[in-house]
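For reference, the structure discussed in these notes is given below.
Here, each number is a calculation from the coordinates, and none is a lab measurement. None of these values were measured; they are calculated from a predicted model. FYI the Cβ positions are ideal-geometry reconstructions off the backbone, even for glycines, and counts take in every protein chain you see.
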Amino acid sequence: MSAFTARCVGLLVAAVVLLVAGFRFAYPELALLGAAAGFAVGYAVLSAAWRPRLEVTRSADPDRVARGEPATMTLTVRNAGRLRAASLVAEDRCGDRVVPVPLLRLRPGRDTTVRYEVPTARRGVVPVGPLRVTRRDPLGLVALARPYGGTVPVWVHPRVHPLNAVPTGAGRSLDGRVDKVPHGSITFDSLREYVVGDELRRVHWRTSARVGELMVRENVDTSLPRIVLLLDNRTAAHPQRLDGVAESFESACEAAASVLVAAYREGLPVVLLLVAPEPAGGDAAAGDDAAAHGPLDRLAAAELADEGDLQPATTRLRRERLGDTLVFLTGPGGRDDLGTVGALRAAYPSVVVGVFGATEPAPSGAAGLVVIDAADGAAFAAEWDGVRRW
């Protein structure tokens, strides 16, 4: 992107006026001055148009952090040209910040390295880059800016608060009874052909003798606790703002991250769903690497959506029965939907609701649910460990 300075515009106007006046009134001196001014503008454009050969590499250490933890970006710029030293004005884009990068007398084959801190005070995906290099002519008439290098995302995950309690499993029998069990139970599921490396104690000898080849038992854990996290990312569910930030939504994200990490630590299956649909792919401004690679990345990239209805999400949960324990995390605006969530108890033996930022507590046992009113993620973690009814 090029920019003509006020000096350049003035000089260009003067060149036109002098040339017109010189030829109109037969003053060669004025025409000569106008030609000199026009030549200066042309030289400035050509000088600024020179494109230095720069190689830009960057790396974040680390590229995934919890909110508030330090992250450092290392930027290396190398002059890949062979003839001229580069004396440029450069700046790197880091989220909403602009970081100056000194490139004074960068000789051919040499490089310079700059390190700076990436802001992690807020959850989100911080796009870093590209490097913006501005080339100016010696007369200060034209400034031409070009981008170099790509964009690297830094994922700022929600804070994780330790959880000690995990949900119980659901032991289902053939007569339709559903019992809560503290741990999973191994149950025979199917037979398959023997593969080198299988334990001989798992061989089903009776079937092997009948079919003429070794058959191995496959077991599954039918009552392993399965957790479904439903995060309410509707704008209507989080109406309150503090400096433009919905703190109740940030607290809900922290609670979701805490449950995810606790489930992973215990080796429990967990599914994360959002009420409002997530945008397809990553943030185009953050480059191809901005695609989420896991639930914590999805929480970092989660944003409030003006459009969104709870009904499609509850319909899917009822139809697919994705788990045994349903955890619904919402804000003050989601209290009116507790009845809709409570209707899922027929499909989910345990339903826990976390309401963040509400001025009044939800009625005890509302819709037959376990309701945790919490001011933030840390308060939710403390209340979660104190709940034993699920």
Sticking with the crude label model, points 7 Å out along Cα→Cβ, report the distance from Glu307 to Ala121 in nm, one decimal please.
3.4 nm
Assuming R0 = 30 Å, can you tell me the calculated FRET efficiency for the pair Glu199 and Asn164, based on Cβ-Cβ distance, to the nearest 0.05?
0.30
Out of residues 5 or more away from Ala66 or on other chains, whose amide H comes under 5 Å of its own, with H placed 1.01 Å from N in the peptide plane?
His157
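Grab the beta carbon distance between Ala14 and Leu46, set R0 = 25 Å, and tell me the FRET efficiency rounded to 0.05. Before the final figure, lay out each step's value.
Numbers: r = 20 Å, r/R0 = 0.79.
E(calc), rounded to 0.05, equals 0.80.
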Suppose each label sits 7 Å from its Cα in the direction of the beta carbon; what would the Glu218-Asp61 distance come out to in nanometres?
4.6 nm
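Work out how much length Arg7 to Arg192 would gain on full extension: take 0.36 nm times their residue separation and subtract the Cα-Cα distance, in nm to one decimal.
Working: separation 185, 0.36 × 185 = 66.60 nm, distance 8.18 nm.
Residue separation times 0.36 nm, minus the Cα-Cα distance, leaves 58.4 nm.
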Local electrostatic count, Leu144, Cβ distance below 14 Å [Lys/Arg +1, Asp/Glu -1]
+4
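Using R₀ = 35 Å, calculate the FRET efficiency as 1/(1 + (r/R₀)^6) where r is the Cβ-Cβ separation of Asp336 and Glu69; round to 0.05.
E(calc), rounded to 0.05, equals 0.45.
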Neighbourhood charge, 11 Å Cβ-Cβ cut-off, centred on Ala381 and excluding it, Lys, Arg +1 and Asp, Glu -1
-3
